[in-house]
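Heads up, the thing below is written out as structure tokens.
Every number in this text was worked out from the coordinates using simple rules, so none of it is lab data. Remember, predicted model here, so these are calculated numbers, not experimental data. FYI the Cβ positions are ideal-geometry reconstructions off the backbone, even for glycines, and counts take in every protein chain you see.
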Amino acid sequence: MTDDLKIKVNGKDWSVAASPDTPLLYVMTNEMELRGPRFGCGLAQCGSCSVLVDGVETRSCITPVASVAGKAVTTLEGLPSLYAEQNKLPQVPALHPLQQAFIEQQAAHCGYCYNGMTIKASELLAQNPRPSEAEIRTHMNGHLCRCGTYGRVMKAIQLASAMMTENAR
Amino acid sequence: MNAMHADSSFSRRALLKSGGALIVSFSLAGVAPAAAARGDVAGPPDPRAVDSWIAIHADNTATIYFGKIEMGQGNTTGMLQIAGEELGLDISQMTPVRGDTNVTPDQGATSSSTSIEYGGPAVRAAAAAARHAMLLLAAKKLSCQIGSLIVSKGVVSVDGEPGRSVSYGDLIGGKLLKAKVAGTAPLRPANQYTLVGTRVPRVDLPDKMAGKYVHMQHVRLPGMLHGRVVLPRGQRAYGAGAKPLAIDESSIKHISTARVVRKGDFVGVVAEQEWDAVKAAAQLKVTWAPTPALPAGDLYERMRAEKTHDTVVASRGDVETGFPKAIHVAGATYRCPYQGHMPFAPNCAVADVKSDSALVMSSTQDVYSARRFLADVLGMKPEQVRVQYHEGSGTFGRSCYGDAEQSAAILSQSVGRPVRVQFMRWDEHGWDQYGPAHLADVRAGIDADGNLVAYEYHGWQHGWTVTSTVYDISLQKPGVERASGSASITVNPMSTGSMYKVPNRKVVSHAVPMAGYLRGAALRSPLDLSFSFASEQTIDELAYAIKMDSLEFRRKNIGDKRWRGVLDAAAAAANWTPRTASSHSDADVVTGRGIGLGTHHVSYGAAVADIEVNRRTGNIVVKKIFAAMDVGLAVNPGLVENQIIGQAVQSVSRVLKEEVTFNKTGVTSLDWNSYPVLRFAEHPEVVPIVVQRMEEPSSGAGEEVMGATAAAVANAFFDATGSRLRQYPMTPERVRTALAGTRS
């Protein structure tokens, strides 16, 4: 059965070797060797494993790999392409504006939470290009950071929002 | 620096110095030849050889080797700034290599905010020696006096004659410098610094943001198995270990590749697929030996009742004659919880153990110390074990990395293949070496003019483990406890009134034995939150008692200009206006503002907190923190600002929310729901202030404003409500209890 299980991650088809009940996270990290999604709690509490499934932020640590068959999975690595697709850009940028903004704001400490922060913020900006501070705080509340970087993450999201709406003009 | 600063910080320094002595003795005992076949021979390399620290390549770039590791604090960037400043190289011309027992110098643990303070000078001296060696070569090549040479971006030229130049790469590229770090090479004067003191962006961030950075959790080896530890859910009373009475291997027989590994009392599982290892560890039926009851419900009473080992850690004048001179005395008992490191990524390690050698990769704070413990566990000599550091997530002290690396090593040795161990969330939360709980009796008194005349602090806490759980149980040895020998384990005299001019002061540390409590270890700014929470509320109470502005009261009682400096900087940023009475508002939501001071060992921290208290729900929201730090010369003020922000947010999290919970059997806070931390929507805006002192030596920047922040929040609560919380975390339940009946 598992021979038949195929998933699509960042636009590429992948034949899954693991059993269908395996959480998507372990397939992405061990088979596909992706470095964006990473293990944090295995309980869907922290957000470090987040990916987009058909554009919706999803905790890959509790998502059976079989359940994403036929859906489009996007990881941190695929965000620039998704951004180019969403905005009909002629070419794929090296980084999503959020990634650029995180660097400009020097927002990270250890950087481990950033996968989830970036994925969740990209979901927000795709839905709401100019979120208020309160909207950002609410939308991001399911993503934890132990180093205390929330403030600069928020500034980075605001900067990315400005960059993106500027680009769209 | 006042007297207490100078004499009370000795203990941890003494330890660091003894580490330094070890380096020397290792180097005399025949260490690896510097940089010859780098990586092939067990280290540490000779710290007196420039080649141990710096390699200059033919393309005019350099590799800088150092023993302090990156944990998100940005010290890699800071270290490169120091090296580049002395060498005359740009940041982009240097590559850092850190934490490898076959490669990097032994600079001790990356802890206690010592990277720049102690690690920096060694790198600076080596880089200065390298520059001097390069200038000697260049002077010969260019036929000129060394004094006429200038360096820019690794190109040496005769001052005023840019045509007469030669690059480092051309002078030495690829060859050994063979120079000594004698400490005699001229150092760049601080007033000519071009890299140090500037806001160089973090060198590690572009890869981290792009998802290209290799965290420990990303490391894989060919042919590797996946391993998990099997421990009781939630740690038991310290000293009792975790003894499996029976293991029912049939409980996981349906997981075809899973195998149980046992060494002493250590139980682990391995499997070909990671998910199988996760399931096997969760489903393996183990009967654990019963353990003594934990002090659930009577923790602080038990601590007070213990037979303790008492040390007077600070003493001046005579408090017994001092207190009768006071016209007003404030005093109370404070209770401060166990808290955990809880790294955002549970610890992970990969080990490849062969019959006569081992390679272990982990997120340890100290590769050389990890090597010694791993050698014990594997029955090898330290020189047979190579430990390589890979960054995990921020660890904030000794989380379970020792357990993870030893588990991986045990499993790999047992199965003869490389093994990757990832701790599960409940392993990390449940088997941490927690920051110990603290009980304090504090009193302080003032004379009629508002001068502090007497101060007395008694603190109870247990010490730290030296070894890790997996070490203890796999070797079936009793754990080794450190209860003294460091100002971080005893009550820290720096954090308990040292900033004030008090003629009569006594600070006593009551060391509680750890057996029967929880495993302890250093948690970022060890116990300083607790000390400041207790001490600075006592000071604040005195100010309000005589209706003196609490800022003015502190100013009046501080003698040291650097303490005044941070206090004034935080107050100015906050636009502080005098406040002499707490709010008596009956509104549901009231606001308050508080101020606090604190440190860890050397640097100076001050904070102002603006909070909102919902008197009905008991919920506290910290709106804004103004936090100032004086770290002497801030090598990179941008990095220090980021550290201030991180400390302020983490301190708010700890003072409002964090508490390790346990019942009589074991720890019950095993995930982010049962051990809540500050969430995105709750974070305060933080205004960081770096009090730059180019003329002072650099001191730590990773811990020193946490205590001040916690104290400022506690004092703001009084300002808002007229009540004091003498126990944290300041949860809604505790707030409602404190405010019950206070409403008119």
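Could you run the Karplus curve 6.51 cos²θ - 1.76 cosθ + 1.60 with θ = phi - 60° over segment A:30-45 and give me ³J(HN,Hα) per residue in whole Hz, x for Gly and Pro?
Per residue, the Karplus-derived 3J(HN,Hα) values read 8, 8, 8, 6, 7, 10, x, x, 9, 6, x, 9, x, 10, 6, 9 Hz.
Below 10 angstrom from the Cβ of B:Lys141, what's the summed charge of the other residues (Lys, Arg +1; Asp, Glu -1)?
Summing Lys and Arg as +1 and Asp and Glu as -1 gives +1.
How are the alpha carbon pair distances in the protein assembly as shown distributed across 10 Å bins from zero to the largest one, expressed in percent?
Histogram of Cα-Cα distances, whole percents per bin: 2, 12, 21, 24, 22, 13, 5, 1, 0.
How well do other chains shield peptide B:671-683, expressed as the mean number of their Cβ atoms within 10 Å of each residue Cβ?
Average neighbour count from other chains, rounded to a whole number: 6.
So for B:Thr599, B:Thr184, A:Thr22, fewest C-beta neighbours within 10 Å to most, what's the order?
B:Thr184, A:Thr22, B:Thr599
Considering amide H positions built from the backbone, and no H for Pro or chain starts, which residues 5 or more places from B:Thr661, or on another chain, come under 5 Å of its amide H?
Residues meeting the amide H criterion: B:Thr668, B:Ser669.
Going by Cα centres, segment B:609-627 and segment B:495-524 are how many Å apart?
28 Å
What dipole magnitude, in Debye to the nearest 20, does segment B:462-521 give about its Cα centre under +1 on Lys/Arg Cβ and -1 on Asp/Glu Cβ?
With only Lys, Arg, Asp and Glu charged at Cβ, the dipole is about 280 debye.
Quick one: grab the alpha carbon gyration tensor of segment B:282-383, order the square roots of its eigenvalues as a ≥ b ≥ c, and give me rounded if a/c is under 1.5, else prolate or oblate depending on whether a/b is larger than b/c. The partial results should precede the final answer.
Values: a/c = 3.02, a/b = 1.98, b/c = 1.52.
Since a/c reaches 1.5 and a/b is larger than b/c, the shape of segment B:282-383 is classed as prolate.
Mind listing the long-range amide H neighbours of B:Ser393? Cut-off is under 5 Å, sequence gap 5 or more, other chains count too, H placed in the peptide plane at 1.01 Å from N.
Under 5 Å from the amide H of B:Ser393 lie the amide H atoms of B:Ala345, each far enough along the sequence or on another chain.
Find, to one decimal place in angstroms, the Kirkwood hydrodynamic radius of chain B, where the mean of 1/r is taken over every pair of different Cα atoms and then inverted. The partial results should precede the final answer.
Numbers: mean 1/r = 0.0368 Å⁻¹.
Its Kirkwood hydrodynamic radius stands at 27.2 Å.
Taking Cα centroids, how far is segment B:178-209 from segment A:78-100 in Å?
When both Cα centres are located, 35 Å separates them.
Determine the calculated [θ] at 222 nm for chain B from helices alone, applying -39500 (n - 2.57) to every DSSP H run no shorter than 4 residues and normalising by the residue count; nearest 500 deg cm²/dmol. Please report the intermediate quantities before stating the final value.
Working: 19 runs with 216 residues, N = 744.
Taken over chain B, the calculation gives -9000 deg cm²/dmol.
Could you give the Stokes-Einstein D for segment A:78-168 in µm² per second, using the C-alpha Kirkwood radius, 10 °C, 1.306 mPa s?
Roughly 121 µm²/s, to the nearest whole number.
Tell me, what ³J(HN,Hα) does each residue in segment B:471-476 have, in order and in whole Hz, if you take phi through Karplus 6.51 cos²θ - 1.76 cosθ + 1.60 with θ = phi - 60° and put x for Gly and Pro?
4, 4, 7, 6, 8, 6
In debye, nearest 20: dipole of segment B:271-397 around its Cα centre with unit charges on the Cβ of K, R (+) and D, E (-)? Present the calculation step by step, with values, prior to reporting the outcome.
On the way: 13 positive and 15 negative charges, 52 e Å.
In debye, rounded to 20, segment B:271-397 gives about 240.
Dipole magnitude of segment A:2-76 about its Cα centre, charges +1 at Lys/Arg Cβ and -1 at Asp/Glu Cβ only, in debye to the nearest 20?
220 debye
Please report the net charge: other residues with Cβ closer than 13 Å to the Cβ of B:Ile252, K and R +1, D and E -1.
Within the 13 Å Cβ shell, the charges total +2.
Mind sorting B:Val329, B:Val214 by how few other Cβ atoms lie within 10 Å of their own Cβ, fewest first?
Ascending number of Cβ neighbours within 10 Å: B:Val214, B:Val329.
How about B:Lys180: which lysines have a C-alpha closer than 30 Å to its C-alpha, ignoring those fewer than 8 places off in the same chain?
B:Lys17, B:Lys68, B:Lys140, B:Lys141, B:Lys153, B:Lys381
Taking the Cα atoms of segment B:31-210 alone, what are Rg (to one decimal) and Dmax (as a whole number) in Å?
Calculated on Cα positions, Rg and Dmax stand at 15.9, 48 Å.
For segment B:638-647, take each phi angle, set θ = phi - 60°, evaluate the Karplus expression 6.51 cos²θ - 1.76 cosθ + 1.60, and give the result in whole Hz per residue in order, putting x for glycine and proline.
x, 5, 5, 4, 5, 5, 4, 4, x, 5
Would you mind ranking B:Glu552, B:Glu456, A:Glu133, B:Glu695 by Cβ crowding within 10 Å, fewest neighbours first?
Ascending Cβ contact count within 10 Å gives the list B:Glu695, A:Glu133, B:Glu552, B:Glu456.
Between segment B:338-416 and segment B:722-744, what's the alpha-carbon centroid distance in Å?
Taking the Cα centre of segment B:722-744 as reference, the centre of segment B:338-416 is 44 Å away.
Which of the three applies to segment B:601-674, rounded, prolate or oblate, going by the alpha-carbon gyration tensor with a ≥ b ≥ c and a/c under 1.5 meaning rounded?
oblate
What are the residues whose amide H is under 5 Å from the amide H of B:Ala179, where those residues sit 5 or more places off or on another chain and H is modelled from the backbone?
It is B:Val50, B:Asp51, by chain and number.
What 222 nm value per residue comes from the helices of chain A, counting each DSSP H run with n ≥ 4 as -39,500 (n - 2.57) and dividing by all residues, nearest 500 deg cm²/dmol?
Taking each H run of at least 4 residues, the total per residue is -10000 deg cm²/dmol.
Is there a simple number for the mean count of other chain Cβ atoms within 10 Å of the Cβ of residues in B:418-425, and what is it?
For peptide B:418-425, the averaged partner shielding equals 2.
Between rounded, prolate and oblate, where does segment B:667-744 land on the alpha carbon gyration tensor, with a ≥ b ≥ c its root eigenvalues, rounded for a/c under 1.5, else prolate if a/b exceeds b/c?
Oblate shape, in that a/c is at least 1.5 and b/c is the bigger or equal ratio.
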